[in-house]
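Working notes, structure below.
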Amino acid sequence: MVTCKKSNVRKYDPNHFNDYELNFSDDNFEYNLKSGKFNTLFSDFADTIILSRKETNTISKLFFEKYIDTLGGERYISDSKIITMPDFHEIVVVKKHNKQKSHTSISYLVNEESKLSASDKDIFNFKVELLKILYKNTEFKKCIDTVKATKHKDNRIFL
């Protein structure tokens, strides 16, 4: 008797990533990976960050491996702890062919030990790996350093 085991590894074409637009933001900045536009949310600082082909391919692979392309609608990922106020400060927005496909907000309380569903864990791990890739990029790092250096000018009030 011969049995076939279904493979959990997804095949993907890095060119399919071109159909998507990925935006990542937190309380301080917004970054569009496709256009390269980086801007702060509390000042006029803006820059353009162009990712290398290797960085883009790594993010593309991660995007499909973590099933980010299959997300739809609005989603909130938080630790199973009860919170009294919303604490979502990291947002991943996915667009396909210029139409928003998903909007995911991630609580800053979520960490590796958080009890999450498998799909929420994939999204969280995608965010962690994405940030590792971005922080290795010197242009992105310069922008983050600028955000940190100008943070004292942030006069927003969070209620």
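Could you give the Stokes-Einstein D for segment 6-70 in µm² per second, using the C-alpha Kirkwood radius, 25 °C, 0.890 mPa s?
186 µm²/s
Which whole-number percent gives the relative contact order of segment 14-150, counting Cα pairs below 8 Å spaced six or more residues apart?
Worked out over segment 14-150, it gives 25 percent.
When only DSSP loop residues count, what GluC sites (Glu not before Pro) in segment 82-154 have their Cβ near at most 14 other Cβ atoms within 10 Å?
112, 113
What list do you get for 75, 53 if you sort them by fewest beta carbons within 10 Å?
53, 75
Apply the Karplus parameterisation 6.51 cos²θ - 1.76 cosθ + 1.60, with θ equal to phi minus 60°, to every residue of segment 43-52 and state each ³J(HN,Hα) to the nearest whole Hz, in sequence, with x for glycine and proline.
Computed from phi, the couplings for segment 43-52 are 8, 8, 5, 8, 7, 10, 10, 9, 7, 6 Hz.
In a Gaussian network model over the chain where Cα atoms closer than 10 Å are linked, find which of 137, 15, 28 has the largest mean-square fluctuation.
Of the options given, 15 has the highest mean-square fluctuation.
When only alpha-carbon atoms are used, what values of Rg and Dmax, in angstrom, describe the chain?
Expressed in Å, the Cα Rg and Dmax of the chain come to 17.2, 70.
Here, each number is a calculation from the coordinates, and none is a lab measurement. What you see is a predicted model, and the numbers here were worked out from it, not measured in a lab. Cβ coordinates were reconstructed from backbone atoms using ideal geometry, including for glycine residues, and neighbour counts include every protein chain displayed.
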